[in-house]
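Here, each number is a calculation from the coordinates, and none is a lab measurement. Bear in mind the structure is a predicted one, so any value in this text is a computation, not a measurement. Cβ: placed from backbone, ideal geometry, glycine included. Neighbour counts: every protein chain shown.
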Amino acid sequence: MPLTDALNRYRSSSEDVYQAWVSGATIDNPIMRNIFDLEYMPEPYLDFGDGEDFCVFLTTNPGGGMPVQLRDGISLLCPQGLPASYQEMSRLLANYYSGSGELKGAALGNIRAMRGLAEAFGYKRVLQVEGFPWHSADLPGKVRLRDQLTRLPEYSSYYQALCELIAKCPLVLSWSAGRPEVRGGDGQLFKAEIMGMDLQQASMISISLSKKHQVSQALAWQADADIIRGLFVRTGSAGLPKNVVGARGDLYGAIVTHVRQATGIGTPLDLTDFEKRRSD
């Protein structure tokens, strides 16, 4: 299946999720009702930037809901009423989160980091896609939940379309909490399985060290021809690294050059300024 077809199928499945919420359709499944905040508008994906080519960032789910995502609050975002399609809504949400000032802290920092990393890889457009399109403030047991929900029609077609899209995208990145040296854990495994990554075989770039000189953030990555998959893992809370400018360039550029050089593309670069360590 070509990338364009996979994207169209994913958009169609996302549209089904959105339209079910717009219509007020009731989701009766007790697992979904107990775990997700279904009164908030689902957000299968957000579309940042412009351009035909895009890279993908995979996140778990939209997190806790905000007032603007409720039916009574959406008028602040859409005074003329709900957009007819989720594709239009995704653009409105992306612009709102990026520029309204309502989104702060780590969430806004991750949006800026996604766009910075994408630009370093040569992409002006980012498609942020969710493993689960519904809101929840907390989501333990992601792999087990995924296995349960893929038996349900409300989720199975969305999940299948998501996996098909990711399989066709040249560049897919994500991030998770955990210890980089462990290469496992619920959050890491959930995302790695969707991306088709084998964490035990992935190459590793250290990005930062703790005060005890242990790796506190790293990028696990795999590449095959022009297909690149990467998972940023950070001890403590999940998040993407901020860009850091060193004597020989910036962190994002150094990561891109390292990956491309290792796959036979680009030229060597000394990453000493960025505390780079790699284990094969």
With residue 118 itself left out, Lys, Arg at +1 and Asp, Glu at -1 over residues whose Cβ is under 9 Å from its Cβ give +2
Give me the number: length gained by fully extending residue 261 to residue 27, i.e. 0.36 nm times residue separation minus the C-alpha to C-alpha distance, one decimal in nm. 79.4 nm
How much length is gained on full extension from residue 75 to residue 177, taking 0.36 nm per residue of separation minus their Cα-Cα distance? 33.2 nm
Roughly how tilted is helix 86-99, in degrees to the nearest 10 and between 0 and 90, from the longest Cα axis of the chain? 60 degrees
Taking r as the C-beta separation of residue 143 and residue 34 and R0 as 22 Å, the FRET efficiency to the nearest 0.05 is 0.80
Output ordering of 89-95, 252-258 (per-residue mean of other Cβ within 10 Å, highest first) is 252-258, 89-95
Count the lysine pairs in the chain whose Cα atoms sit under 23 Å apart, keeping only pairs 8 or more residues apart in sequence or on different chains. 12
What is segment 40-91 by shape, rounded, prolate or oblate, if you read a ≥ b ≥ c off the alpha carbon gyration tensor as root eigenvalues and call it rounded for a/c under 1.5, prolate for a/b larger than b/c, and oblate otherwise? oblate
Per 0.36 nm of contour for each residue apart, how much would the distance between residue 198 and residue 167 grow if the chain were fully extended, relative to their Cα-Cα spacing? 9.8 nm
Gyration tensor on Cα atoms of segment 1-169, a ≥ b ≥ c root eigenvalues, a/c under 1.5 rounded, else prolate if a/b beats b/c, else oblate, says rounded
Add -39500 (n - 2.57) for each DSSP H run of 4 or more in the chain, then divide by its residues: what number comes out at 222 nm, to the nearest 500 deg cm²/dmol? -11500 deg cm²/dmol
log₁₀ I(q)/I(0) of segment 123-248 at q = 0.18, 0.20 Å⁻¹, via Debye over equal Cα point scatterers, no solvent, to two decimals? -1.07, -1.27
Cβ-based net charge around residue 169, under 12 Å, with every Lys or Arg adding one and every Asp or Glu removing one: 0
